[in-house]
Amino acid sequence: MRRFLPWDSQSLEVWAEKYASGDFVDLDGHRTHFVTKGDGPPVVFVHGFNYDLNSWMTNIDAFAEYFTVYAVDLWGAGFSTRQPLDYGFPLFASQICRFMDSLGIRRTHLVGHSMGGGTSIFTAVNYRHRIDRLVLVDSVGLSRRLPLRGRLFMLPLIPELVLAMKTDSVRRKNLLDHWIHNGDLLTNEVFERMTRYQKIEGTTRAALHILRKDFFNTLEVEIRALAGLDIPTLIVWGRKDRSVPLESGTKMHDILKGSQLEILEDAGHLANFDQSEDFNRIVIDFLTRETTRNL
């Protein structure tokens with residue numbers, strides 16, 4: 001039986017040396033971890049809350065056949081910096097643009113999931129000249145009531161105690177209840193890859209700081225502004241999403257006139273993982289289609 005290693009207990013430097021699969025770039029003293037693969041037009045993948053770039057594990061290889069893929073760990077997650085920061089969409093959008101600058105990426109397609117979708121919306125509106133096409137996957141942004149568990153995890157002290165428990169069961173149940181619809185996909189190997197970064201010291205503090213700032217559903221102004229921009233936009237949603245229900249996706253589609261909405265029937269909040277083959281096919285078709293107009 002393997003020895004249980006406490007959550008939030010490992011040095012970032014030591015853990016990154018042992019497990020980080022990509023490269024690092026320093027952005028004004030804040031380290032960003034990223035994975036790159038493939039050759040072609042650039043595509044930047046932006047993960048959601050409670051994840052790191054491993055949320056794209058079943059997508060990167062397929063996209064790398066057509067694009068140069070960059071999957072980024074946002075600050076506070078993955079193997080990127082845990083320094084106290086003013087977490088929010090402005091910070092994450094700035095991180096994405098500075099990351100692009102550091103690698104000489106002038107423009108890119110942007111694919112964002114959940115909080116990463118919100119980050120992508122904010123980036124597209126505020127840095128229009130940097131974005132070619134936009135893919136929003138079960139994206140936050142529109143006003144809605146948080147699920148009960150989300151509200152409980154915004155309380156003081158209790159979440160810290162729960163997340164410090166010496167067990168995998170809390171995180172495994174959370175993934176199955178709110179993120180992954182097809183439980184058979186959550187093998188021990190997948191669980192370890194998706195949660196390994198949460199062993200790094202400061203991860204719980206960063207995650208709860210992000211959650212308690214309660215900024216996920218504050219982008220209606222930006223979404224309406226996006227509707228006035230000529231950015232081809234694809235919206236992908238899991239019909240079984242229990243974190244950000246499909247109603248949010250259909251409303252976003254209604255606001256973004258000319259956007260394309262694709263619903264994956266047997267997928268939850270992490271639709272790109274639950275139905276990766278369909279997701280890869282739909283999004284690659286959208287990004288490679290010969291058009292410059294919204295679809």
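Go from 0 up to the bin containing the longest alpha carbon distance in the range 122-176, width 5 Å each, and give me the % of pairs per bin.
4, 13, 16, 17, 12, 12, 12, 10, 5, 0
Might you report the magnitude of the Cβ-based charge dipole of the range 147-295 about its Cα centre, with Lys and Arg at +1 and Asp and Glu at -1, to the nearest 20 debye?
In debye, rounded to 20, the range 147-295 gives about 620.
Roughly how big is the chain's charge dipole about its Cα centre, with Cβ charges of +1 (Lys, Arg) and -1 (Asp, Glu), in debye to the nearest 20?
Here the size comes out at about 740 debye.
Please work out the ratio of the alpha-carbon Rg of the chain to 2.2 N^0.38 Å and round it to two decimals.
0.93
Could you put Val25, Val44 in order, starting from the residue whose Cβ has the fewest other Cβ atoms within 10 Å?
In order of increasing Cβ crowding within 10 Å: Val25, Val44.
Sorted by mean Cβ packing within 10 Å, highest first, what order do the peptides 216-224, 75-83, 12-20 take?
Descending packing order for the listed peptides: 75-83, 216-224, 12-20.
If each residue's Cβ is checked for other Cβ atoms within 10 Å, how do Val236, Val190, Val137, Val35 rank with the fewest at the top?
Taking fewest neighbouring Cβ atoms as first place, the list is Val190, Val35, Val236, Val137.
Over all alpha-carbon pairs in the range 193-295, figure out the percentage whose distance exceeds 20 Å.
Across the range 193-295, Cα pairs with separations above 20 Å total 54 percent.
Which aspartates and glutamates have a Cα lying under 17 Å from the Cα of Lys166, excluding residues fewer than 8 positions away in the same chain?
Partners found: Asp8, Glu192, Glu201.
Rank-order 66-74, 152-160 by packing density, defined as the average count of other C-beta atoms within 10 Å over each peptide's residues, highest first.
Those peptides, ordered most packed to least, come out 66-74, 152-160.
Would you mind calculating the gained length between Tyr127 and Gln83 on full extension (0.36 nm times residue separation, minus the Cα-Cα distance), in nm to one decimal?
13.3 nm
Modelled label-to-label distance, Leu186 and Lys213, 7 Å Cα→beta-carbon offset: nm?
Distance between the two pseudo-spin positions: 2.7 nm.
Just to confirm a number: summing +1 for Lys and Arg and -1 for Asp and Glu over residues other than Arg144 whose beta-carbon lies under 11 angstrom from that of Arg144, what do you get?
Local net charge: 0.
Place +1 on the Cβ of every Lys and Arg and -1 on the Cβ of every Asp and Glu in the range 156-238, take the dipole about the Cα centre, and give the residue among Leu208, Val221, Leu234 whose Cα lies farthest towards its positive end.
Of Leu208, Val221, Leu234, it is Leu208.
Residue separation times 0.36 nm, minus the C-alpha to C-alpha distance between Leu5 and Thr36: what's the value?
8.2 nm
Quick check on the range 77-173: take the gyration tensor over C-alpha atoms, sort the square-rooted eigenvalues as a ≥ b ≥ c, and tell me if it's rounded (a/c under 1.5), prolate or oblate.
prolate
Put +1 on the Cβ of every Lys and Arg and -1 on every Asp and Glu Cβ in the range 54-190; which of Phe99, Ser139, Ala64 then has its Cα farthest towards the positive end of the dipole?
Toward the positive end, the furthest listed residue is Ser139.
Which shape class, rounded, prolate or oblate, goes with the range 238-295 when its Cα gyration tensor gives a ≥ b ≥ c as root eigenvalues, a/c under 1.5 marks rounded, and past that a/b bigger than b/c marks prolate?
Here the range 238-295 falls in the oblate category.
Within 10 Å, Cβ to Cβ, of Val236, how many net charges do the neighbouring residues add up to if Lys/Arg are +1 and Asp/Glu are -1?
-3
Computed from the coordinates by the stated procedures, all read-outs in this text should not be read as laboratory data. All figures in this text were calculated on a predicted structure; none of them were measured in a lab. Using ideal geometry, Cβ is built from the backbone for each residue, glycine included, and neighbour counts are taken over all protein chains shown.
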